[in-house]
Amino acid sequence: MAFHPLRHFSVITRHRHKVIEHCFKAGIGFQGLFHDLSKYSPTEFWTGARYFQGRRSPNAAEREEKGYSAAWLHHKGRNRHHFEYWRDFSEVTRTNMPVKMPLRYVMEMFCDRVAASKIYRGKDYTDAHALQYFNGGPDASEMHPKTAALIRYLLTMLAEQGEEKTFSYLRSLNPKGEYPEIPG
């Protein structure tokens with residue numbers, strides 16, 4: 001496996017800048033300025049450089065080699081826009097259960113997913129890619145049901161109505177407020 005610190009730095013920085021741009025479009029610009037800063041920490045950065053591939057997360061390659069990704073465990077524990085951060089022990093079930101994410105972090109998660117699709121897909125990106133990725137994996141079953149419904153609604157809006165309409169809708173929300181009613 002090749003070692004690519006400069007290429008990794010370029011990808012994570014382009015991704016971060018795209019998320020910041022999207023967060024400003026969504027009305028949570030200040031929050032976007034702090035997006036993914038942990039990726040520059042030694043734990044995450046050097047793993048990313050070691051497992052760099054350019055078209056997918058280096059955490060997947062680390063996971064394939066080791067059976068886990070130390071970089072991902074570090075990342076998800078420090079970044080509230082990841083649904084994996086929002087799990088807590090339930091006294092009722094006596095297990096770790098998903099917790100409903102605050103709206104502002106769902107908004108950032110949307111921006112993150114769209115930016116990742118744009119960076120990894122490059123010129124082949126379409127507004128449907130983030131929804132296709134979401135629908136193709138287990139994420140929805142591992143999220144709080146209301147969080148999963150909201151992110152699916154936003155990604156579907158993007159796929160069907162485009163960025164301008166979706167970001168306009170996001171700007172209409174109060175990031176510190178409650179989830180909007182989802183039609184249907």
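The values are calculated or read from the model by the stated rules, or taken from the named source; none is laboratory data. Everything quoted here is computed from the prediction, not taken from an experiment. All Cβ positions, glycine included, derive from the backbone under ideal geometry; neighbour counts span all protein chains shown. Quick note on the areas: whole protein, heavy atoms, side chains included, nothing else; ligands and nucleic acids left out. Shrake-Rupley method; radii C 1.70, N 1.55, O 1.52, S 1.80 Å.
Structural remarks
- Surface calculation, 1.4 Å probe, protein heavy atoms: I119 sits at approximately 30 Å² accessible.
- Here the accessible area is traced with a 1.4 Å probe on the protein chains. For the stretch 80-150, carbon and sulfur cover 52 percent of it.
- Note on K123: lysines with a C-alpha under 20 Å away, same-chain residues under 8 apart excluded, are K18.
- Estimated distance in nm for a label pair at Q53 and L6, the labels positioned 7 Å out from Cα along Cα-to-Cβ: 2.4
- Under 5 Å, built H, 5+ apart or other chain: amide partners of R87: V99
- Approximate spin-label separation R94-K165, in nm, with each point projected 7 Å along Cα-to-Cβ: 4.9
- The sum of -39500 (n - 2.57) across all DSSP H runs of n ≥ 4, divided by the residue count of the chain, sets its helix-only mean residue ellipticity at 222 nm to -17500 deg cm²/dmol.
- Span from the the stretch 120-164 Cα centroid across to the the stretch 10-78 one, whole angstrom: 19
- Against the criterion of solvent-accessible heavy-atom surface with a 1.4 angstrom probe, K176, K18 sort, most first, into K176, K18.
- Sequence-distant lysines (8 or more away, or on other chains) whose Cα lies within less than 19 Å of K176: K25, K100, K146
- Per residue, the accessible area of the stretch 18-168 comes to 50 Å² when a 1.4 Å probe rolls over the protein heavy atoms.
- The E84 and E181 beta-carbon pair, evaluated with R₀ = 30 Å, returns a calculated FRET efficiency of approximately 0.70.
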